[in-house]
1. Can you pull out the residues in segment 374-384 that are without any contact (Cβ under 8 Å) to a residue 40 or more places away in the chain and touching a helix residue (DSSP H, G or I) at 6+ places or on another chain (Cβ under 8 Å)?
2. Could you list, in sequence order, the residues of segment 250-290 that are touching an Asp or Glu at 6+ places or on another chain (Cβ under 6 Å) and within 17 Å of GLN328 (Cβ to Cβ)?
3. Take the residues in segment 404-422 that are more than 27 Å from ARG182 (Cβ to Cβ) and in contact with a strand residue (DSSP E or B) (Cβ under 8 Å, 6 or more places away or on another chain), then tell me which one is surrounded by the most Cβ atoms within 10 Å (Cβ to Cβ).
4. If I go through segment 156-199 residue by residue, how many of them are among the small types (Gly, Ala, Ser) and touching an Asp or Glu at 6+ places or on another chain (Cβ under 7 Å)?
5. What are the pairs, 6+ residues apart or on separate chains, where a residue within segment 385-399 that is among the small types (Gly, Ala, Ser) has its Cβ under 6 Å from a residue that is surrounded by 20 or more Cβ atoms within 10 Å (Cβ to Cβ)?
6. Hey, does segment 55-64 have a residue that's in the same structural domain as PHE237 (by TED's automatic domain parsing), closer than 20 Å to ARG413 by Cα and among the β-branched types (Val, Ile, Thr)?
7. Provide a single number: the residues in segment 118-156 that are without any contact (Cβ under 8 Å) to a residue 24 or more places away in the chain and either more than 26 Å from CYS61 (Cα to Cα) or not in a helix (DSSP H, G or I) (or both).
Amino acid sequence: MAEIRPFSAYRPAPGMESRIAALPYDVYNRQEATEEVKRNPESFLAIDRAETGFGPEVDTCAGEVYERAAKVLYDWIAEGKFIKEERPCYYLYELTMDGRSQTGIVACAAIDDYCNNVIKKHENTRADKEQDRIRHVDVCNMQTGPIFLAYRSNDALRGIVEKEKGKAPVSDFISEDGIRHRVWVIGEADTVAHIHGQFAGMNAVYIADGHHRCASAVKVGLKRRETHPDYTGEEEFNYFLSVLFPDEELLIMDYNRVVCDLNGNSKEEFMEKIAENFQVEEAVQAPYHPEGKGRFGMFLDGTWYRLTARTHILSEDAVDGLDVSLLQNYLLNPVLGIKDPKTDKRIDFVGGIRGLEELERRVRMEQECFKGQGSSMAVAFSLYPTSIGELFAVADAGKLMPPKSTWFEPKLRSGLFLHTLE
């Protein structure tokens with residue numbers, strides 16, 4: 001049973017939503033975040049990335065950075081830039097991109113469900129990345145970035161969402177990237193109880209995106225339990241901010257790869273080696289985006305090729321059968337020598353939102369090869385997107401996906417909903 005409960009959110013005051021809402025903190029590097037805050041001082045990045053208020057001599061994880069985040073947050077609340085809901089509510093958050101919409105239920109999920117694997121994961125987390133958000137949440141006493149959760153579509157919830165969206169939204173704006181954001185508040189007792197009951201009947205919900213934010217929120221909650229040994233489980237620190245989407249509405253884009261050399265192989269040697277596990281043919285259409293599982297695009301020496309996995313490397317295993325695994329296990333590792341894609345500086349990853357033209361651009365560059373968006377590459381690979389069903393299967397099996405397996409669009413904005421720990 002999933003405990004997904006309503007809460008009294010802090011939300012931007014009417015008219016402030018488009019100014020405050022910001023892409024997730026980890027979408028930006030420090031320089032990009034600083035430039036964005038200079039352009040728009042009311043961007044929530046001023047809180048989520050409070051190092052933007054200091055010069056480069058101050059470390060991103062310095063104590064004064066988190067203290068500044070809390071000060072700016074509570075100054076904005078005092079100035080009326082945020083309002084607090086008077087009673088616990090659920091919220092609907094709709095994002096529309098390129099004519100397609102997805103609507104999530106904004107709520108708080110239980111840290112116990114995370115610990116007991118009712119909330120299922122498909123990625124490992126790194127302690128260093130967790131530590132930053134742990135300190136941010138702890139010092140601010142507030143969760144500021146929602147966790148992106150997914151659930152198997154539910155007819156009753158679909159009906160509630162459709163009915164509530166027939167009402168006027170409390171917020172409706174288009175962000176600079178062209179994505180429309182709309183918010184509704186659900187506070188009627190009967191509807192709140194119905195939503196709560198529907199989630200209570202689910203055996204599992206899944207982390208789609210935000211594993212580090214989720215792990216950090218849980219660890220802050222567990223830390224608060226240690227300092228409050230008489231806790232009842234009802235305290236707000238036992239829950240974390242989430243947006244839950246039905247699987248049928250989610251869009252996962254391809255997450256492509258670029259590698260900066262052929263591992264000492266000539267083009268002919270390289271083509272001969274990959275032909276052992278993949279059928280190689282020049283693509284009819286260029287650039288080539290795979291039309292189904294088991295097929296890959298390859299851009300090499302100015303030409304697009306279509307690679308088709310040979311039957312002997314296909315697998316029914318939830319992880320080994322993923323296209324990202326087939327490429328890694330039968331080409332990137334044995335032929336190009338990319339043993340650990342998380343740490344190898346010869347490989348980089350390009351989200352599908354950038355398009356296949358970005359792969360061509362990276363290969364055609366003539367700059368020195370090093371990992372990063374400004375480096376040249378020798379070969380690029382386009383992949384068929386991982387499906388939400390595959391994500392669920394990996395999580396249900398208690399396994400982990402390879403790194404950079406999924407790219408979700410559109411990105412949830414931070415600053416539209418805040419959850420206090422008290």
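1. Keep residues of segment 374-384 that are without any contact (Cβ under 8 Å) to a residue 40 or more places away in the chain, which gives 374.
Hits for segment 374-384: nothing passes.
2. VAL258, the sole residue that qualifies.
3. Among those that are more than 27 Å from ARG182 (Cβ to Cβ) and in contact with a strand residue (DSSP E or B) (Cβ under 8 Å, 6 or more places away or on another chain), it is SER405.
4. Keep residues of segment 156-199 that are among the small types (Gly, Ala, Ser), which gives 156, 159, 166, 168, 171, 175, 178, 187, 189, 193, 197.
Now narrow it down to the ones that are touching an Asp or Glu at 6+ places or on another chain (Cβ under 7 Å): 171.
So the count comes out to 1.
5. Here the result reads ALA393/ALA318; ALA395/LYS120; ALA395/HIS122; ALA395/TYR206; ALA397/ALA318, each pair linking segment 385-399 to a residue that is surrounded by 20 or more Cβ atoms within 10 Å (Cβ to Cβ).
6. We begin by selecting, within segment 55-64, every residue in the same structural domain as PHE237 (by TED's automatic domain parsing); these are 55-64.
From what is left, the residues that are closer than 20 Å to ARG413 by Cα are none.
No, the conditions are met nowhere in segment 55-64.
7. Step one: filter segment 118-156 for residues without any contact (Cβ under 8 Å) to a residue 24 or more places away in the chain, giving 127-128, 155.
Pick out the ones that are also either more than 26 Å from CYS61 (Cα to Cα) or not in a helix (DSSP H, G or I) (or both) and you get 155.
Here the count works out to 1.
So that you can scan it fast, the table gives a plain yes or no per residue for (1) under 30 Å from GLY159 (Cβ atoms); (2) of a type outside the set (A, V, I, L, M):
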| site | (1), (2) |
| --- | --- |
| PRO88 | yes, yes |
| THR103 | yes, yes |
| ALA110 | yes, no |
| ARG135 | no, yes |
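The values are calculated or read from the model by the stated rules, or taken from the named source; none is laboratory data. Predicted model, so just to flag it, every value in this text is computed and none were measured. A quick note on method: Cβ atoms are made from the backbone with ideal geometry, for glycine too, and the neighbour counts reach across all protein chains shown.
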